[in-house]
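This report concerns only the one structure given below.
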Amino acid sequence: MARIILTGDRPTGRLHLGHYVGSLRRRVELQNQGGFDKIFIMIADAQALTDNADNPEKVRQNIIQVALDYLSAGLDPSKVNIFIQSMVPQLTELTFYYMNLVTVQRLQRNPTVKQEIKLRGFSETDDGSDNKAGTPVGFFCYPISQAADITAFKATTVPVGEDQEPMLEQCREIVRKFNSVYGETLVEPEILLPDNAACMRLPGTDGKAKMSKSLGNCIYLSDSAEEVAAKVRGMFTDPGHLQVSDPGKVEGNAVFTYLDAFCLPEHFERFSSCFVGKKSSFEFHTLDEVKAQYRAGGLGDVMLKNFLTAILNELLEPMRQRRAELEKDLPAVWEILRKGTEAAYAEAQSTLDDVRRAMRIDYFNDSTLIGK
Ligand code: TRP
């Protein structure tokens, strides 16, 4: 069976480090390893509209921003199809048929939907008084549309963050249900999660559970070196670590979570000067040694943050440079999206044909109906 990847992001803002370690870095690796027959990366504008119906301009403006983030992070349009969700209307039609295979009660149990409804402040009652009152039906149903996104490409592999696990589970249920009712047609996808716990859910710079635009705690892939330094300087560490000599906590300390996600063995030699100070100096070779020293006391937050800043800026600098190049020719970026969308359209149409045939609603091609 062909090995196919489908994944994507909502274009509600630029992409940040959480996106990078949660999925983007993995996509670039998979693309370069060449073990997949096809790779589709979707800019999920239709899904973004499910909770931004009153602000389509935000979604519209961020399509190119996400495309720039993808390309500058290393996605290569000669190896992957980057496409715009709403320009592939077959996805909407599939969603409509899948809706009949899912119950309202099952959607209500989806933990990610539950949590996101809370986060967005949609209330449980809707007295018609303000437009933020209840949950938009489209938003409530987005797990079904996500199943359409995945199955339209017969994706076998979906690299995403941990928060998407309930979506994948729901997708697999829809596939099993469809195949059992209409005959073997759709492919059950597998989730591909980050292999490191810190990457599963990168906390925000404020230490809150998730890096998220609405919480204002993000480091963006397109931030300047100065912005990154300033954001790291302001990062949450251990509130009990008041004096450098005090023992510090590593668990729940966002700077260490970031180091778990980004620090590589070669960084210790390359950035050893970060740990050379006026009052004290250290020579570290592993992150475990850094953690042990922090726990024992004597290692200050400033050194630690300088080290993290050096690591992040080294990672982001080539992305910034590529972004600056790409920004000089935006029509070329739109052309990449147009080509990727064309390829996605053809693929989704072929699956939709299979689906209609399986459901026996492809009336005009049905000789048992027409008699020819
Ligand atoms: N829900 C995903 C997110 O918020 C975006 C997305 C839409 C997606 N459709 C998808 C991801 C299909 C993987 C597969 O990031």
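Points to keep in mind about this one:
- Total formal charge among the other residues, if their Cβ is under 11 angstrom from that of LEU193, Lys/Arg +1 and Asp/Glu -1: -3
- Length gained when the stretch ALA332-ASN365 is fully extended (0.36 nm per residue, less Cα-Cα span): 7.9 nm
- Using the Karplus relation 6.51 cos²θ - 1.76 cosθ + 1.60 with θ = phi - 60°, the per-residue 3J(HN,Hα) values for the stretch 234-248 come to x, 5, 5, 10, 10, x, x, 8, 7, 9, 3, 6, 5, x, x Hz, with x marking Gly and Pro.
- Label point at ASP354 placed 7 Å out along Cα→Cβ; residues across the stretch 5-23 whose backbone nitrogen lies under 18 Å: 5-7
- FRET efficiency, VAL276 to GLU93 (Cβ-Cβ, R0 51 Å, nearest 0.05): 0.25
- Where Rh is the Kirkwood radius over Cα pairs, Rg/Rh for the chain: 1.03
- Here the mean projected area of the convex hull built on the C-alpha positions of the stretch 101-224 is 10.2 nm².
- Gained length - LEU242 relative to LEU215, 0.36 nm times residue gap less alpha-carbon distance: 7.1 nm
- For the stretch 168-235, the Kirkwood estimate of hydrodynamic radius, built from reciprocal distances between every pair of different alpha carbons, is 15.2 Å.
- Spherically averaged projected area in nm², based on the convex hull that wraps the Cα atoms of the stretch 213-324: 7.4 nm²
- Summed side-chain charge close to MET87 - residues other than MET87 whose Cβ falls under 11 Å, Lys, Arg +1, Asp, Glu -1: -1
- Rounded to the nearest 20 debye, the dipole size of the stretch 213-324 about its Cα centre is 320 debye, using +1 on the Cβ of Lys and Arg and -1 on the Cβ of Asp and Glu.
- Working from Cα pairs under 8 Å separated by at least six residues, relative contact order for the chain is 21 percent.
- Amide H to amide H, with H built 1.01 Å from N, ASN217 comes under 5 Å of SER212, counting only residues 5 or more places away or on other chains.
- For the stretch 82-88, putting each phi into the Karplus relation 6.51 cos²θ - 1.76 cosθ + 1.60 with θ = phi - 60° gives couplings of 9, 9, 9, 3, 5, 7, 10 Hz, in residue order, rounded to whole numbers and with x for Gly and Pro.
- Close amide H partners of ILE191, meaning residues 5 or more places away or on another chain with modelled amide H under 5 Å apart, are VAL158.
- Rg over Rh for the stretch 292-372 works out to 1.48, both radii taken from alpha-carbon positions and Rh defined as the Kirkwood radius.
- The alpha-carbon of LYS328 sits under 23 angstrom from the alpha-carbons of these lysines, leaving out residues fewer than 8 places away in its chain: LYS58, LYS79, LYS339.
- FRET efficiency estimate (nearest 0.05) - Cβ-Cβ, LYS249 to SER78, R0 45 angstrom: 0.45
- Put a dot 7 Å past the Cα of ALA346, heading toward its Cβ, do the same for LEU264, and the two dots end up 3.6 nm apart.
- Net charge of the neighbourhood of ILE117, taken over other residues with C-beta under 11 Å away and scored Lys/Arg +1, Asp/Glu -1, is 0.
- Full extension of the chain between GLU283 and VAL104 gives 58.6 nm of extra length, using 0.36 nm per residue less the Cα-Cα distance.
- For the peptides 69-75, 316-322, the ranking by packing is 69-75, 316-322, with the highest mean count of neighbouring Cβ atoms within 10 Å listed first.
- Amide hydrogen neighbours beyond the local backbone of GLY207, cut-off 5 Å, H modeled: PHE236
Read-outs throughout are calculated quantities, based only on the coordinates presented, and are distinct from any laboratory measurement. Being a predicted model, the structure only gives us computed values, none of them experimental. Glycine also receives a Cβ, built like all others from the backbone with ideal geometry; neighbour counts cover every protein chain displayed.
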